[in-house]
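Right, one structure below, let's go through it.
What follows is calculated from the coordinates using simple rules that are stated; it is not laboratory data. None of these values were measured; they are calculated from a predicted model. For neighbour counting, all protein chains shown are included, and Cβ atoms are generated from backbone atoms with ideal geometry for every residue, glycine included.
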């Protein structure tokens, strides 16, 4: 219990004492469909608070999209040039938040794609400090279900009724989008999340075996296993299948859980996959995670950064001094230009989805 308390403090200091560039969307309780909108040039950002009644679980989403000034009978007004034949969904890394990757949301939205960032309850600081539990990082099975739930809601194009308007659900978008044609993007645990929705299967026992070896000494993802006795495994079914046919392609940035993903399931994947990873990794050894996915998935293409880029180079630029497992979130190795990495990764992502 002492170890859990110490590490909990580490996570809270790292992810929850957020500076001004991280503006939490929470303010007290969670309602069914609160909305906060911030215009940013032609791209607009809207936050919706959804609630999965079946799981009794809040699901906050951040949407980036090309906007028009007004529309009738819809909460979100999409511009005429919005791409309606596909959309992007994004899953953040462990203990993070979608808005920590705004460069990705803005990039896709600027190209006409509606981009939906899903914030995973228990991990994401957007729900408030009192709702953060480091053990939630091991409750991985909740993540893909969050995304499938969000796609169900968006596909209905109706906001759930609120206490204020119990019988009059509102249209979400003024235009119909093909929510069964999804480009799924994720970083770290988020990369593993979207890959499970594309067919990868997990074997957590393999991770425990690997993490007990000397070869795993530099693998910081193994530190999460220290929360195993604290994790609430209620609802976990090792046979559960997270596949969602609406996922048509995947972009995984430095994806995690390579040590817990079966080769057989990856070899059976048929949809296009782009794996972006850092070989000189300071958090997830490339060969066991991103490199493993890239080498094992038949339809995978890859972009490799090999000049000292670290695991957190895929986050937005930032200036605070917080760390995760001793690795700085904002400070890159000497000579690394995070903006340039984003430009190169962004160009590869756009080429992948447009090709």
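What the Cα convex hull of segment 170-290 gives, in volume per residue, is 148 Å³.
Ellipsoid semi-axes for segment 70-153, based on the Cα gyration tensor and the rule √(5λ), read 27, 13, 13 Å when sorted largest first.
Sorting 49, 206, 332 by the number of Cβ atoms found within 10 Å of their own Cβ, with the fewest placed first, yields 206, 332, 49. In this rough spin-label picture, where each label sits 7 Å from Cα along the Cβ direction, the residue 55-residue 306 distance is 3.9 nm. When only alpha carbons are used to place a centre, segment 340-355 and segment 115-180 end up 27 Å from one another. If you wrap segment 254-355 in the convex hull of its Cα atoms and look at it from every side, the mean projected area works out to 6.7 nm².
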